[in-house]
Amino acid sequence: MDIRDILVLVLMAGGVFFFAIGTLGLWRFPDVFSRAHASTKCDTLGCGLILLGLVLRMGISRASLELALIIGFIWITNATAAHLIGKAAYRNDYPMTPGTFKWNFQDKGE
C-alpha cells in the first residue's frame, strides 16, 4: 500500500463521514432551513471528497477530468437548490424554530 492508496482511503472515509453527518443533521434539525443547510453543505463536501478520491485513484485521464467537472457541477447545483428550497419555504411561511428572526422582504422592494 503506497501513499496514494492511503490518501484515497482518507478522502473516501472523509466523504462517508460527511455524508453520515449530513444525514444526521437532516434527521435531527427542527426546521426546513437548518435541514437544508446541513444536508447540502455536508453532501457537497462528502461527494466532493469521494469524487476527489476517485480522481486521485484513477490518475490523469479523461475520466478524471469528467469527475472534476462533476465536482464543479455539484458545488454549483447544491448551493442553488438549497437557496431555492429555503426561499420557497420562507415565502410560503413554513414554520421556523421559535426565536428565529424573520426578515420582511416587502420593505426592500422584492
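The values are calculated or read from the model by the stated rules, or taken from the named source; none is laboratory data. Note that this is a predicted model, so its numbers are computed, not measured. A quick note on method: Cβ atoms are made from the backbone with ideal geometry, for glycine too, and the neighbour counts reach across all protein chains shown.
Quick notes
This table checks each residue for (1) over 22 Å from L7 (Cα atoms); (2) out of contact with any helix residue (DSSP H, G or I) (no Cβ under 8 Å at 6 or more places or on another chain); (3) modelled with pLDDT of 90 or more.
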| site | (1), (2), (3) |
| --- | --- |
| H37 | yes, no, no |
| C42 | no, no, yes |
| G46 | no, no, yes |
| A68 | no, no, yes |
| G72 | no, yes, yes |
| I76 | yes, yes, yes |
| G86 | yes, no, no |
| Y90 | yes, no, no |
| E110 | yes, yes, no |
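- Tally, over the range 11-43, of residues that are under 21 Å from L54 (Cα atoms) and touching a Phe, Trp or Tyr at 6+ places or on another chain (Cβ under 7 Å): 2
- Matching residues in the range 79-102 - criterion: being part of a helix (DSSP H, G or I) and free of Cβ contacts under 8 Å to residues at least 40 places away in the same chain: A79, T80, H83, L84, K87, A88, R91
- Long-range neighbours under 8 Å by Cβ, at least six apart or interchain, first residue assigned to a helix (DSSP H, G or I) within the range 53-69, second hydroxyl-bearing (S, T, Y): L54/S64; V55/S64; M58/S64
- Top-ranked residue in the range 11-36 [being loosely packed, with under 14 Cβ neighbours inside 10 Å and without any contact (Cβ under 8 Å) to a residue 40 or more places away in the chain; ranked as farthest from G99 (Cα to Cα)]: A13
- Among (1) assigned to a helix (DSSP H, G or I); (2) over 19 Å from A13 (Cα atoms); (3) among the hydroxyl-bearing types (S, T, Y) - the single one T40 does not satisfy: (2)
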